[in-house]
Amino acid sequence: MPSDSPLMRGDKKTRRDQILAAAAELFAHRGFHGVGIDEIGAAVGISGPALYRHFRSKDAMLGEMLISISRYLLDGGTTRVDEGGSPEEVLARLVRFHVDFALSQPALITVQERNLANLSEADRKEVRALQRRYVEVWVSALRAAVPDLDDARARSAAHAVFGLMNSTPHSRHLPDDELADLLTSLALGALYAAK
C-alpha cells in the first residue's frame, strides 16, 4: 500500500519530503519558472543554496516530484485492483482512490498538469511510461466492468474521467466529503456510459 503522500519515501517525513511539498505548493501557485530556489528554501526555513544538499537543481526537484506522483498513482491503482472483488467493486475503488488523491493533493495535480514540458527528457520519458501503465490498470478494470468496450474506447473513457477528477483544484464549491461523493458518482456514471 502506498504511503498517504506521494512525496514521502518512508514512514517519517524527511527534510527532502518537506522541500518537495513546499516546492509543489509554490509551483502550483506561481508556476515552475516563477519560483526561485531561495523562495523554496525560505518556505522550509533554510537558505536557497542549502537545498543543493538535497537536490542538484530545481529541475531535479520537479523531476522527482512528478515521478513520485506517477509512481504513487500506479502503485495505488495496482493495489486497488489486487484487493480483488467484483469488477464493479474494483472500478469503484480505483475511482475513489483517484478522487481522494485529487482532493487531498490539489497542488500536485496542478503541478502535474502544467509542468510536464519543464522536465528533462529522461524524467519526461519516465513519467510518461508510469502514466501509461496507470492508464492500462484503468483500461483493464474498465473492460472487466463493461465487457463490450474495446481498448481504444476504454482508454479514451479513462482519460476523460481523469480530466473530470483532476479538475477539482479549480472547482471546489462543496465540502470535500460531498465533493468526493459527487465526483465518484459522476466518474462512475461516465465510465459506465462509455459502452
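The values are calculated or read from the model by the stated rules, or taken from the named source; none is laboratory data. Treat the numbers as computed from the prediction; the structure is a model and nothing was measured. Reconstructed Cβ throughout: ideal geometry from the backbone, glycine too, with neighbour counts over all protein chains shown. For accessibility, only protein heavy atoms count, side chains too; no ligands or nucleic acids. Shrake-Rupley method; radii C 1.70, N 1.55, O 1.52, S 1.80 Å.
Descriptive notes on the structure:
- Criterion applied to SER57, SER120, SER104 was being open to solvent by 40 Å² or more (accessible area, probe 1.4 Å), hydroxyl-bearing (Ser, Thr, Tyr) and farther than 25 Å from THR184 by Cα, and the one residue passing it is SER120.
- Members of region 132-163 that are open to solvent by 40 Å² or more (accessible area, probe 1.4 Å) and either among the aliphatic types (A, V, I, L, M) or over 16 Å from THR78 (Cα atoms) (or both): ALA144, PRO147, ASP148, ASP150, ASP151, ALA152, ARG153, ARG155, SER156, HIS159, ALA160, GLY163
- Scope region 142-166; condition without any contact (Cβ under 8 Å) to a residue 40 or more places away in the chain and small (Gly, Ala, Ser); matching residues: ALA152, SER156, ALA157, ALA158, ALA160, GLY163
- Residue match in region 17-27 (condition: within 24 Å of the chain's Cα centre (by Cα), open to solvent by less than 30 Å² (accessible area, probe 1.4 Å) and acidic (Asp, Glu)): yes
- Cβ-Cβ under 7 Å pairs, at least 6 apart or on other chains, region 178-195 side over 13 Å from ALA102 (Cα atoms), far side among the acidic types (Asp, Glu): LYS195/ASP148
- Applying the condition of being assigned to a helix (DSSP H, G or I) and open to solvent by 40 Å² or more (accessible area, probe 1.4 Å) to region 165-188 and asking which residue is farthest from GLU88 (Cα to Cα) yields HIS170.
- Applying a threshold of 9 Å to beta carbon distances and a minimum spacing of six or more residues, or different chains, the list of pairs starting in region 15-43 at a residue that is over 18 Å from GLU113 (Cβ atoms) and without any contact (Cβ under 8 Å) to a residue 12 or more places away in the chain and ending at one that is open to solvent by less than 10 Å² (accessible area, probe 1.4 Å) and among the charged types (D, E, K, R) is empty.
- Test: residue in region 41-49 that is within 24 Å of LEU174 (Cβ to Cβ), open to solvent by 10 Å² or more (accessible area, probe 1.4 Å) and modelled with pLDDT under 95: no
- So LEU94, is it open to solvent by less than 10 Å² (accessible area, probe 1.4 Å) and under 14 Å from LEU188 (Cβ atoms): yes
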